[in-house]
Amino acid sequence: EKWAATRPKHPPTSLALQHFDAAYSVHLGPLWPSVRCALLSERKYGALFNNFSSDTLLEDLGAQGCRDFISNVETEVQPPEPAVGDSGYQQLSPNIRCFVFPRGDVSRFKPARPDQDGLLGYYLMDAASVLPCLALNVQAGHNVLDLCAAPGGKTLALLQTASLGFLCVNDSSVSRTSRLRKVLRSYVPKQHLTDEKIRVTTLDGTHWGEIERNVFDRVLVDVPCTTDRHSLLEDDNNIFSKSRTGERRGLPQLQLQLLLAGIEAACPGGEIVYSTCTLSPHQNASVVEQALHWARENHGIQLEVVDLRRLTHLFRNTFHFAPDLHLGEMVVPHLAANFGPIYMCKMRRLT
Amino acid sequence: SSQSELALSSVVEMGFTDSQAEQICALSRFRGSNPKHALSTLTALFVLGLNPASVLKVIEKCPELYTVKEAQLQQRITNLRKLGLVEGSLQRVVVHYPQILTVPAKRIRTAVTFLREKCLFTMHQVTGILRDSPAAVLENTNHLEYKFQYVYFRMGVKQAEMVKSKLFRFSLDEVRNRHSFLERRGLYQTPDKNGQTLVINPRLDRVLHSDQDAFLKLASASAEEYDVFKRLVEREWRQEEHQWARWEKWIQEEGKEKIT
Ligand SMILES: C[S@@+](CC[C@H](N)C(=O)[O-])C[C@H]1O[C@@H](n2cnc3c(N)ncnc32)[C@H](O)[C@@H]1O
């Protein structure tokens with residue numbers, strides 16, 4: 001609560017709020033009060049369904065009143081014409097399922113319980129976090145890199161597609177990587193976690209290009225950011241605390257380096273999805289713009305931006321998308337569908 | 001008719017029409033009512049200057065009045081006059097909220113003392129509260145105090161404005177829902193030590209008395225958003241079990257002397 005007795009004069013949460021008020025009232029304009037209120041109120045979760053669990057949870061979840069938003073898309077309305085760069089847009093992975101309570105319904109999920117093999121039936125995460133994984137559009141046999149993977153929500157979503165060739169999972173933080181390993185053990189059977197199928201590393205992702213270049217069919221670059229929602233609600237471990245000012249100011253630079261490393265790691269023809277959970281254009285579209293420029297100028301890599309409007313159109317009843325973003329797509333929080341913020345932009349390597 | 005009921009004839013004699021008199025008598029079957037007290041109550045209401053139709057309305061709203069002894073009723077009326085409810089306002093209060101006459105004078109004095117000493121309302125302001133929101137005297141004083149402190153500290157509203165905007169007509173939840181909705185939307189701010197805010201707060205009157213449409217316009221929100229919001233914060237507040245204790249502590253540590 002805001003007026004708790006122990007509150008310091010300028011807690012990081014209120015510094016974050018001041019910062020966002022100044023920046024987003026300009027960036028989002030009349031949308032900001034609505035987004036602000038949603039950010040400061042209880043968020044909604046999605047239950048990423050674990051196909052590896054043997055529990056018969058589907059009926060259970062259905063009985064609670066939630067539904068898989070991915071398979072339950074409304075299809076009667078014509079999607080927009082495929083735009084430039086959308087040529088290779090394929091079927092959504094039919095294996096990723098994520099349950100959400102309907103719009104306006106504020107019910108909560110119960111914590112997942114282990115099945116007879118000790119595997120959990122679902123993973124609770126921001127349902128909008130599944131979108132970058134869907135956008136990545138992993139196909140059978142693909143080599144995939146998840147560059148900033150911990151604690152592993154998106155990794156789990158990618159693993160649901162089952163037919164992966166090889167998955168490289170990385171995060172520079174030792175403690176977070178061990179959390180990620182724990183998550184993997186709680187959700188994925190051992191025979192799917194063998195060295196032939198998956199590799200977990202704890203490396204600084206900015207140097208990935210020096211290790212493995214032109215290798216991966218798909219790369220997910222889910223960068224560290226100002227984590228807007230967390231920064232507004234939790235004083236602990238808050239990037240707006242005075243002592244972390246330098247780190248915060250350095251984020252766009254780090255994000256750019258990570259994205260460039262991800263681009264280099266992808267093979268020609270390969271696809272990269274950049275994602276964040278901030279509304280900040282400096283950490284979103286600007287980073288992508290600079291990366292496109294740098295890749296071309298300094299690495300000789302040509303990229304095209306892949307239009308995601310068909311994807312957002314499919315899920316327009318589950319999420320609120322920011323209107324008219326010139327680059328990428330963004331889920332903005334709304335009280336009735338309190339997911340996000342999630343920004344994502346998809347690129348394809350032409351060379 | 002039995003001993004415990006009012007005689008129709010004596011009621012008609014007081015000036016009620018036949019059908020009014022029948023209703024008046026029917027209401028006297030209320031449990032615990034006593035024809036002697038019923039008659040003296042009706043007389044006292046006439047003496048206050050109410051007409052038969054108003055008296056009927058009062059009894060319909062609050063048949064418990066038939067159980068109040070004459071002396072008690074007189075004492076309560078005198079007490080209310082002493083608290084500043086002079087002719088005109090006393091009658092309006094009784095018609096609007098007849099339950100006020102079922103409240104022992106002592107309890108009302110306790111509430112008045114509370115409003116004066118804990119919330120530092122002037123006597124004149126307390127009279128205003130009694131006149132505009134008499135039900136406040138029946139509210140649990142902890143609730144009353146919480147509501148006052150919420151509006152005083154969180155919303156930065158002074159006593160005079162509270163009285164002017166008839167704050168005590170609204171429940172804590174109504175006040176809190178509307179205020180915190182505006183606050184989270186960035187449209188309301190707690191003033192700092194010098195009473196300054198970065199946004200211009202809407203007046204309390206506008207926050208509370210706007211109908212739903214006008215309020216949504218003020219908040220530039222949709223009805224759907226406000227509906228979901230109310231359900232969310234209801235749960236938030238229920239979960240804040242220690243909120244009251246923390247609030248008390250906060251007041252003690254940095255707030256109390258600020259009430260002026
Ligand atoms: C937004 S989180 C990733 C969330 C994760 N993809 C998921 O869905 O659960 C960003 C992660 O980037 C990691 N990180 C920060 N700097 C990094 C770097 N230089 N290289 C690799 N990972 C880094 C952080 O430890 C953090 O776990």
Open item on the list: If I take every Cα pair under 8 Å that is 6 or more residues apart in chain B, average their sequence separation and divide by the length, what percent do I get for the relative contact order?
Closed with: 11
TODO: Pick out, in residue order, every one of the trypsin sites (Lys or Arg not before Pro) in the range B:1-101 that is DSSP loop and has at most 12 other C-beta atoms within 10 Å; say none if there are none.
DONE: B:Arg31
- [ ] Ignore the peptide's own chain and count Cβ atoms of other chains within 10 Å of each Cβ in A:329-336; give me the average, rounded.
- [x] 3
Task: Distance between the range A:317-351 and the range A:6-71 - C-alpha centres, whole angstrom - done: 14
- [ ] Please build a GNM for chain A, connecting alpha carbons under 10 Å apart, and tell me which residue among A:Gln64, A:Gln191, A:Gln255 fluctuates the most.
- [x] A:Gln191
Open item on the list: Please compute the alpha carbon radius of gyration of the range A:181-276, then divide it by the globular-protein estimate 2.2 N^0.38 Å. Two decimals is fine.
Closed with: 1.31
Task: For chain A, the Rg and Dmax computed from alpha carbons only, in angstrom - done: 19.6, 59
TODO: Return the loop-located trypsin sites (Lys or Arg not before Pro) in the range A:161-197 (DSSP other than H, G, I, E, B) with at most 14 other Cβ atoms within 10 Å of their own Cβ; answer none if there are none.
DONE: A:Lys197
TODO: Convert each backbone phi in the range A:268-280 into a coupling constant with the Karplus relation 6.51 cos²θ - 1.76 cosθ + 1.60 (shift: θ = phi - 60°), then list the ³J(HN,Hα) values in order as whole Hz, x for Gly and Pro.
DONE: x, x, x, 10, 10, 10, 9, 9, 9, 10, 10, 8, 5
Task: Loop-exposed GluC sites (Glu not before Pro) per DSSP, neighbour cap 16 Cβ within 10 angstrom, longest uninterrupted part of chain B - done: B:140-239
Open item on the list: With a 10 Å cut-off between alpha carbons and a GNM built on chain A, which of A:Leu167, A:Leu325, A:Leu158 moves the most?
Closed with: A:Leu325
Task: A:Asn51 versus A:Ser71: modelled label distance in nm, points set 7 Å from Cα along the beta carbon direction - done: 1.1
Open item on the list: For a quick check: with amide H placed at 1.01 Å from N, whose amide H comes under 5 Å from A:Leu167's, ignoring anything fewer than 5 positions away on the same chain?
Closed with: A:Val144, A:Ile198, A:Arg199
Open item on the list: Sequence gap at least 6, Cα distance under 8 Å: using those rules, report the relative contact order of chain A to the nearest whole percent.
Closed with: 22
Open item on the list: Looking only at the protein assembly as shown, where both bridge partners belong to it, what percent of the DSSP beta bridges are antiparallel (to the nearest 5)?
Closed with: 60
Task: From the C-alpha gyration tensor of the range A:268-349, square roots of 5λ in Å - done: 26, 14, 8
- [ ] Kindly compute the accessible surface that chains B and A hide from a 1.4 Å probe when together, both sides summed, and give it to the nearest 100 Å².
- [x] 2200
- [ ] For chain B, divide the Cα radius of gyration by the Kirkwood radius and give the resulting Rg/Rh value with two decimals.
- [x] 1.07
Task: Computed E for A:Val26/A:Lys190 - FRET, C-beta separation, R0 60 angstrom, nearest 0.05 - done: 0.70
Task: Values of log10 I(q)/I(0), in the order q = 0.18, 0.20 Å⁻¹, for the range B:1-137 under a Debye, Cα-only, solvent-free model - done: -0.94, -1.11
Open item on the list: Over the protein assembly as shown, with the other protein chains present, what is the accessible area per residue in square angstrom, probe 1.4 angstrom?
Closed with: 46
Open item on the list: What's the whole-number percent of alpha carbon pairs in the protein assembly as shown lying beyond 30 angstrom?
Closed with: 64
TODO: Treat each spin label as a single point 7 Å out from the Cα along the C-beta direction, and report the A:Leu325 to A:Arg108 distance in nm.
DONE: 2.9
- [ ] Heads up, I need the accessible area for A:Trp294: 1.4 angstrom probe, whole protein in place, Å², nearest 10.
- [x] 110
Task: Within chain A, helix-based [θ] at 222 nm, where runs of 4 or more DSSP H residues each add -39,500 (n - 2.57), nearest 500 - done: -9000 deg cm²/dmol
Open item on the list: Test of understanding: in a Gaussian network model of chain B with alpha carbons linked when under 10 Å, which of B:Thr141, B:Thr41, B:Thr197 would top the mean-square fluctuation ranking?
Closed with: B:Thr197
Open item on the list: Quick check on the range B:95-181: what are the equivalent-ellipsoid semi-axes from the Cα gyration tensor, as sqrt(5λ), descending, whole Å?
Closed with: 21, 14, 12
TODO: State which entries of A:Lys9/B:Lys164; A:Lys9/B:Lys193; A:Lys154/A:Lys242; A:Lys44/B:Lys230; A:Lys9/B:Lys147 exceed 22 angstrom in Cα-Cα distance in the structure shown.
DONE: A:Lys9/B:Lys164; A:Lys154/A:Lys242; A:Lys9/B:Lys147
Task: Theoretical FRET efficiency, 1/(1+(r/R0)^6), r = Cβ-Cβ of B:Leu8 and B:Glu174, R0 41 Å, to 0.05 - done: 0.40
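The values are calculated or read from the model by the stated rules, or taken from the named source; none is laboratory data. No experiment lies behind these values; they were computed from the predicted model shown. Counting neighbours? That spans all protein chains shown, and the Cβs are built from the backbone with ideal geometry, glycine included. For the accessible areas, the whole protein counts, side chains as well, though only heavy atoms, and no ligand, DNA or RNA atoms are used. Shrake-Rupley method; radii C 1.70, N 1.55, O 1.52, S 1.80 Å.
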